[in-house]
Amino acid sequence: ESLNRANSLFVQDQFSSAIPLYQEALTDASCSLEAQLGLSSSYLKLGDLHNAEISASQAIEIDPSSALAHFRKGQALFYQMKFQESLVEFESAGNLGNSWVEKCKTE
């Protein structure tokens, strides 16, 4: 329930309102990956790069093979001007990170 409401708020660009619902959804192990990804994305949209990175890292801990988690972490690192670290994450993101790999290499 919390995850669905958070996702609904997210698509309405109500990122600040979605964050507490994503945090609430973390208590349900079956949706913790999606909740962490939603948190990371919400924080990115709000410019809170530190928390975006933390949430993406926690998503990677849940599922190390999650391309989207690596992509989100790469974005958070890139916008913090940590280009070498972001490059590693974008490369781990597979096709999702392809266009960002070049951006990292030119910075």
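Tell me the relative contact order for the chain as a rounded percent, counting alpha carbon contacts under 8 Å between residues six or more apart.
It comes to 17 percent, rounded to a whole number.
Consider the candidate values [x] 6.1; [y] 8.7; [z] 8.3; state which one is mean projected area of the Cα convex hull in nm² computed from the structure displayed.
[x]
Which value at 222 nm does the chain reach when only helices count, each DSSP H run of 4 or more adding -39,500 (n - 2.57), with the total divided by all residues and rounded to the nearest 500 deg cm²/dmol?
So the helix-based figure for the chain works out to -23500 deg cm²/dmol.
Subtracting the Cα-Cα distance from 0.36 nm times the residue separation, let me have the gained length for Q84 to S8 in nm, one decimal.
23.9 nm
Bear in mind these aren't lab numbers, they're just calculated from the coordinates by the rules spelled out. Here the structure is a predicted model, which means the values were calculated and not measured.
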